[in-house]
Structures are given as structure tokens and as C-alpha cells.
1. Could you tell me whether any residue of region B:235-254 is part of a loop (DSSP other than H, G, I, E, B), crowded, with 24+ Cβ neighbours inside 10 Å and assigned by TED's automatic domain parsing to the domain that holds B:A211?
2. Which one of the conditions (1) under 30 Å from A:H216 (Cα atoms); (2) modelled with pLDDT under 95 does A:R399 fail to meet, given that it meets all the rest?
3. Can you tell me which residue among B:N289, B:N278 is touching a helix residue (DSSP H, G or I) at 6+ places or on another chain (Cβ under 7 Å) and of a type in the set (S, T, N, Q)?
4. If you go through region A:3-24, how many residues are under 27 Å from the mean Cα position of the chain (by Cα) and more than 12 Å from A:L55 (Cβ to Cβ)?
5. I'm checking my understanding of the structure. Among residues of region A:80-100 that are more than 7 Å from chain B (Cβ to nearest Cβ) and assigned to a loop (DSSP other than H, G, I, E, B), which one is farthest from the chain's Cα centre (by Cα)?
6. So which residues in region A:282-316 are more than 19 Å from A:G111 (Cβ to Cβ) and either within 12 Å of chain B (Cβ to nearest Cβ) or not hydrophobic (A, V, I, L, M, F, W, C) (or both)?
7. Applying the selection to region B:51-110, what residues are among the small types (G, A, S) and under 27 Å from B:R402 (Cβ atoms)?
8. Taking the condition of being open to solvent by 10 Å² or more (accessible area, probe 1.4 Å), small (G, A, S) and outside any strand (DSSP E or B), how many residues in region A:10-59 meet it?
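The values are calculated or read from the model by the stated rules, or taken from the named source; none is laboratory data. Values in this document were obtained by computation on a predicted structure and should not be read as measured data. Positions of Cβ are generated from backbone atoms using ideal geometry, with glycine treated the same way; all protein chains shown enter the neighbour counts. SASA here: full protein model, heavy atoms, side chains in, ligands and nucleic acids out. Shrake-Rupley method; radii C 1.70, N 1.55, O 1.52, S 1.80 Å.
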2 protein chains.
Amino acid sequence: MSLRLHAPALLPCDPICTVVRDAAVDVDDDGRISYSGPRATAPAVDDADRTVTDLPGILLPGLINAHAHSPMTVLRGMGGDLPLLRWLREVIWPAEARMGSADIRAGMVLGSVEMLRHGVTTSAEMYFQGDQVADAVLATGARVVIGVPIIDLPGMDWRKMIDDVDRWIDADGVRFGPADRIELGYGPHSAYMLPIEALRLVAESARQRGALVQIHVAEAHDEDINQREGHGSVPQLLDEIGLLAGRVLAAHCVHMSDADIALFARRGVGIAHCPGSNAKLASGIARLNAMRDADIAVGLGTDGPASNDDLDLWHEIQLAAMLARLSTQDSTALSAAAALLMATRGGAAALGREDIGELSAGRWADLVHVDLDDPTFAGGIDVPDEQLLANLVWGAGSRRVRDVWVAGEQVVAFGEPTRVDRQEAQAVVRAAGARVRV
Amino acid sequence: MSLRLHAPALLPCDPICTVVRDAAVDVDDDGRISYSGPRATAPAVDDADRTVTDLPGILLPGLINAHAHSPMTVLRGMGGDLPLLRWLREVIWPAEARMGSADIRAGMVLGSVEMLRHGVTTSAEMYFQGDQVADAVLATGARVVIGVPIIDLPGMDWRKMIDDVDRWIDADGVRFGPADRIELGYGPHSAYMLPIEALRLVAESARQRGALVQIHVAEAHDEDINQREGHGSVPQLLDEIGLLAGRVLAAHCVHMSDADIALFARRGVGIAHCPGSNAKLASGIARLNAMRDADIAVGLGTDGPASNDDLDLWHEIQLAAMLARLSTQDSTALSAAAALLMATRGGAAALGREDIGELSAGRWADLVHVDLDDPTFAGGIDVPDEQLLANLVWGAGSRRVRDVWVAGEQVVAFGEPTRVDRQEAQAVVRAAGARVRV
């Protein structure tokens, strides 16, 4: 049976961030939106045919987390505030080495539950055992874009890693699962963790299959310097070997020259901006406004929950604006509307997806309902559009995400996941953490 | 009747941020702590004499918001993202001019409710009609340190403003109300909004009475430049006229030279660091580590909810660390423990208060209980101390503040205020906002 939702306010997240009052959204049996707009001009419905739900708050598209390593919920907070390299070598890598398939799946289930409760319906994930990541997301009902990790480390064979992704895509396709919930692609870690030969092979495999490549680019200052010595900047290196000719999502991109930005714009590379992780790890402030001015598709990412330390994309929305304003000394550098669009349609564009990120006919009905029962919604629903946006984006954030749908299926109701038991998911991760902690 | 609380973990917020396991806190009839520490060494209690409550989470001191203009909840989000001066002149100042006593009181009630729910038990407030601010806080049960505004604007008489505070303190004392919930002091807006004669008079009045002076210092870059032309820096000016000889809490302090910092350290001036407001308004990043290295007492403030836009001090804790790390390029620049201590004992020290900010015998029993029923507490309670701190400070933040006490009285139970109806407080502010909006 299909679905009709009524709400006093709707943010379709179209390019100008329209606020529609007294709105309706229709979802068809296949989970796609058939109408999104004013209730007055919605098609007539036969109530016997369709479940009609009146909601008290704001409807908007599901947010898109453009860069995450969510199974690391198992490791969250381990090592406290050790310096980065000691933290990785002494705590995180040894603990990760102990994580088995069940631990990775459990970590991803909890990460997915956490994100859904914050209104994040799609995440771009880079983590080992992509099959466990996919399986976890099929359990919670979220949507995922997997960049299966490819890395050159002792005991690992990058040729086999690439070959495994090739064969998986050749078997299941780039998108599969109910309502195309899973997208498969390649996750070469970075230019500094792989030989050039491997990057070339990934580029070729991905382009042949129309698959997305997710890769870390210019996250740390020294990484960039190392690359420059041999091959110009990392973006230039990636272009030389043909990687930028396909679909590419570059995470971080903190240390980018004007030429690097122009190159990414020319090649249509999407960027996952991760302001929280970049701040917490002291990596730097990415040149968000320069990237946006160059018309690069920029989404927002949390990065992994072991380093950030939550998967609340609303914090990234707020932080992106704060850091853009500080670095340009301009308090209007990023409006509430622009920041919200980055987390929705911007993320979709960065991932090269035209089926999510906006509430419009033909797209998947990935929806979020925020109710207004919070002191941060000072004026309630009947305020000017810009105040409603400011209250939602700068004030309430994730506090009042009440209901979430993916492809028209309700996966969060009144703040709790419908498909899995949250407390049980927490308990499983707790046990996994106790087992793998070094 | 007195109170005993048991909890599996206690953060007294002593100078080294000890984590006490299997802990007890005793509160006497007068609302002060008589014991805080391991349960094993707690004094024996007669259950008939004392309410014993077993809590499942972490106990810590109530947080201290060292700089706020909370009645501005009425104006939150108005004007959206207008440039600062247009926002003030076209939206905020005209709306404020329409706010009557009842509106100010309603705004403060809602702000107080919001803060209590986030575990903030004390706030330092600068807003017109200090009597309404005091009355609102007496209604919610919070604690407040009022800097009654003194400002030189058309239609206002700064002499009368100072005189009114003098008479109020002479009548009621510096601290009054149940469990000393109200502290009164002077709130001269800033060096640029008052003649030097006024600042001199404030200094004298406050020093005579042992009252705290709250003042904005070096928030914007140009403010500092303007002052330098005549009198050196703002801190030097304030010192020359004798203001720093008394108790002073300086808010913002973004643009401070080494000499300014050394001067504030020498004079024992407290600083309210407001990273969120400074970022959102593009004021700059205060030199937190330099201030801390100079042994200045630094607390954290949200600033007003019209500009920040929420009163969630946990966001300031997280942001303070992120900005400190970015500006020093050191990912260990501010640990979770150090950031939490700023929001508790640091705030108390900045306000010159030795009766709050730490759970130790003799201080007021201003307490927060955070339960761990959230994905961000990956490992639950039984994890190493540094992981528990990281999960609380970087991950959970305000999400799971469950119960709050002020002077031993429970003012929040299971996330809702006990003394006032939250939804009614929201409705009253909503009506006020609709009336004053321009």
C-alpha cells in the first residue's frame, strides 16, 4: 500500500531551499516519491488505497553522510586523547586486528542505528568486509554506498582486493538489494597507502563498471608534501593515472591548492568535507568556500566514530558553517540553507546519485520528520521561513528527529529504530569492544 | 530529609579529573555536599533518615555557563543569517525594544529550562531587568550570577543603572535567595559602549561591595583597534581605571596580546571563552592555550541563544577542543578531561566562586546524572577511565543528561524540569516572539 504524509512544513531541499507550507508527500508502492509539494495541489487520493499520516513537524530528505567508517563504533573512545600515531599504533590497529566478521557487522548495525536516529538515511562507508557492512545495513533498513577497502599493508594483497570487488560487482551489479539499498564500489585508501600500479588498476576496474571510487585525499599536510616530491599534488597524480576520469568521491581534501580545486571541478570529482574530524585531529580547515565557488559537489562526512566521536551529521552541518565563517572572517559565509543543502543534495551530488538527496517525484522516498517540541524551536512552526531554517539547522539539529523512512518504509518511529532493538545492538557492541580492546 | 546518591561512576571534577568507581554522594538538609567519594569509605547512613537513590550512570557537578543572555530565547533565529550589523539594527534591537518584563521573564524561564536539561545548573547572565532574570531562575530552581546591564545608549542613564545595582545589593546582599541561588553584580557592557567615567564608577561600586563585574572584552577585532588608539588595549584601559582590582569576569577575549594575557593573569581576571559565538559571528579564535598556560581561570560560555543558537554547553566543550587543536595544530591540545574541567571548576573559578563547580564536601550539591543508554557510550560503564571520559565528553554530550539537582533539590527528572511545565514555557515564549517580531 502506498503512503501519503501531510506536514505543516516541507523542505524538499531543491536548489534554492524552498520552504513549502501545508505540504504533502506521496510515496508509491515501489518506495519512490510520486508527489512532493503543497497539499492544495496534490493529486486526489483514495484513502482506502493509501495510508494517510498527519505529522506535526518538518519533512525533509534523509541526510547523507558522505564519509564514514561506521563499524568503528566498537572502538569509540578507546585510547582517549593519545597523539594520533600512538593512538593508531598502540590502540586502534591492534584492536581492529582482533575484530572478526561478527564484530564488524555489530559495529555497523549500531552505527547505522545511530545515524538513522539522527536522520541520516545514506552513508558512504569504507571498512573491511564490505559484505558485513552490506548485511548490517540490510538489517537496519538504511541505505549505503560501500567503498570496499583496498590497501597495501603487510599480509594484504591489493590485487586480490581489487579482484574481489570486480567479481562482486560482476555478480550483483553496482546497485542491488531492496530499493537499491546497497551500492558497491572501490575504496582505495589513499595515494600514500597504495602503489601507483594499484591506483591505475582501480581506475580501470571502476570505470569499466561505472562504479564509484572513494579515496582519502590531502587529509594531512605532510601527506601532501610527500606526494608533491614525486608527482605534483595528490589530485594531479590521481588525474595523471586516469582515476579522475571515472566517478570519484574524495574525502577530506584539506590541503588543496587553487590548481587542485580547479582540477577537481573540471573532472567532476565530488568532495566529502569532514570538518569535525579535521578539527579534532588538527588536520586543518578545508577551503570549503573556494570549493563551492568552483561548483564542486561537496557533501558532509563524520569520518569514523573512533575519531570524531559521534555519527551526528548535524554537528558537521553546524561546524562546517562555523569554520567557513572563521576562515573567511565573514559571518555570512555559509547560510543555514546552504549548510543544510550540503548535507542532502550536496551529498547526493558528491556521490554521483540522482535518486536521493531531494524530495521530488521519481526519487527514493528517504524522508525525515523533525517535530518541534523543543526549546530551540522558539517560535514553533508559524515563523518566517528563515527563522524556521535557523532554528532547525543551528538550534535543534538532531534533537527532535522523530521519524525516518527509507524508500517509503518507516525505519525510525518516535526516535527508535523499527527493525532492530537499539539496546540489544548496544549490548552486542559492548561485548565486542570488551573482547577486542588491547 | 537528606539525600544519598549511589552511582557506578563519579566525576567530582577535582583538579586531576579523577574517576571514582562505585561512588556515593551525601547531601545534607541545607543542600550542601557532606561526602563525595568511594561508596566503600562513605559514612554509614540510617535509611530512615535519608533518601537513598541508586543511579545507573555517571554523576558530575552541574555545568557552569560563564556567559549568556538567556532571555534572548524569545528572539532565537529571527533574521536568519543577515550580516551582523543589519541583523542587530533591523531585527534584534527593534524586537528587544518591544520586549516587556513578562517577555524577559518568559525568555529566561525557557532558557533556564533548556540549560537545566543539558546539565547546566549555573549561568552568568547579562540582560536587562535583572529582577525578572532572578525571578525566572527562582521559578525553575537553577542558580544564576547576574551582571545587571549598564550601557550608554540614547534614552538610558548609566548613572541611574549603576545606582540601581548599588541599592539592590545594599538591600539584598551580593548573594541571596534559597541556597544562595542568586548572585548580583554589575554588567557594564564593554569599554566601547560606556564612557570611562562610567567604568570608573562601576569599578568603585563593585569593589566596595565585593561584587562581580561582567564585561565584554576584545570580542571583535575593530573594537580592539579603536581602543588602542586612545588607551592601549582594552585590558590595559580597564586596569588603568582600577576595574581589574576587583572581581572581574571578562567575556570573549578573542583579540588579546601576550601583554593583555599576562595582565589578566596578574590581576586574577576570569575569562568566559565563547567559541561557538566567536565562530558563528566570525569574531575569531581566542588564544585558549595561551590563557590556560598563564594560569588564568577560564570557563565556557554559550553567549546568547539568538546568535549561537542553543544553550547547550556541551557543544562549547567540544568546540573549545576542536578550535584549540586547529589553532595550535596539535591534536592533543585539549584533552576530554581538561575540556570538561573548564565547564565545571574552570567556570566556578572564572566567576570567583568556591562553592560550586566541584563535588566536594561543603560545596552546594549542584549535580548532574548522565545515564549511558546511548550508542555513543560504546562500552558502557565498565571501560577504562579515559574511554568513559571520551565517550561522555566527545560523544554523548547533552544527549543523556537524565537528572539534575541544585542544592540537593531535584530540578530535572528523566529529562524534564520538575518545577515548571516545559511545553507551557515554550508556548509562552512562542507568543512573546510573535508579538515582538518586527
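1. Yes, region B:235-254 contains a residue that is part of a loop (DSSP other than H, G, I, E, B), crowded, with 24+ Cβ neighbours inside 10 Å and assigned by TED's automatic domain parsing to the domain that holds B:A211.
2. (1) is the only condition that A:R399 fails.
3. B:N289
4. Qualifying residue count, region A:3-24: 10.
5. A:L82
6. First, pick out the residues of region A:282-316 that are more than 19 Å from A:G111 (Cβ to Cβ): A:282-298.
Selection gives A:A282, A:S283, A:G284, A:I285, A:A286, A:R287, A:N289, A:R292, A:D293, A:D295.
7. B:G57, B:G62, B:A66, B:A68, B:S70, B:A106, B:G107
8. Residues meeting the conditions: 4.
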